[in-house]
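Trainee: Submitted below is the structure of interest, expressed as structure tokens.
Nothing in this text is a laboratory measurement; each read-out follows from the coordinates by a stated rule. Please read all numbers here as calculations on a predicted model, not as lab measurements. Please note: Cβ atoms are built from the backbone with ideal geometry, for glycine as well, and neighbour counts cover all protein chains shown.
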Amino acid sequence: MADRIAAINLGGLQQVGTPYKWFNRPRNLFFADLVGEPPMNLLDIKVAKADGGIVLGGSGLSLKVTDPRICEVAASVMGKPVVLGIRPIHLQLHTSSPSANAVPGTVSLFEDLGDSAIVGVQVNGLLIRAETSSERRAHIGDKVFLDFPAD
């Protein structure tokens with residue numbers, strides 16, 4: 001097994017780095033979608049100021065950001081369309097709204113993988129996947145909330 005990996009797409013070197021960096025800091029949308037199973041959720045959003053903070057909005061989402069590093073990056077693209085990438089493992093699934101960053105949706109997919117499960121949730125016409133414990137059963141049609149981390 002290699003410590004560093006290089007990848008080429010369409011004849012160009014795309015990214016060189018450790019598997020950890022590929023998974024947590026993909027260089028572009030190609031790698032964000034390629035690395036990890038299930039793949040990263042990629043959501044079209046815009047960055048805006050609201051209530052003295054930064055809000056990521058669009059596609060029926062309105063997510064408040066508190067992490068200073070993310071706020072700094074978000075401020076540099078204020079008002080512009082961007083793609084928010086979030087791994088399914090970083091989303092929490094709930095039956096009631098646990099926070100201001102929880103969005104309601106309807107379960108449209110449940111895939112039991114044994115030690116974990118993939119739950120597909122329809123949110124305003126978008127399919128957003130969350131990875132959860134296989135003990136956390138969800139059924140097609142269940143009303144749930146996806147909790148997005150503020151950091």
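Trainee: In segment 85-124, how many are within 13 Å of the chain's Cα centre (by Cα) and free of Cβ contacts under 8 Å to residues at least 24 places away in the same chain?
Mentor: The number of residues fulfilling the criteria is 1.
Trainee: Applying the selection to segment 108-150, what residues are among the charged types (D, E, K, R) and touching a Pro at 6+ places or on another chain (Cβ under 9 Å)?
Mentor: 111, 129, 131, 143, 147
Trainee: What is the residue count in segment 47-81 for residues that are under 22 Å from residue 105 (Cβ atoms) and either among the β-branched types (Val, Ile, Thr) or touching a helix residue (DSSP H, G or I) at 6+ places or on another chain (Cβ under 6 Å) (or both)?
Mentor: Total meeting the criteria: 2.
Trainee: Grab the strands (runs of 3 or more DSSP E) fully contained in segment 60-151, keeping just those with 2 or more residues being among the hydrophobic types (A, V, I, L, M, F, W, C) and surrounded by 12 or more Cβ atoms within 10 Å (Cβ to Cβ).
Mentor: 61-65, 81-86, 102-112, 116-123, 126-133, 143-147
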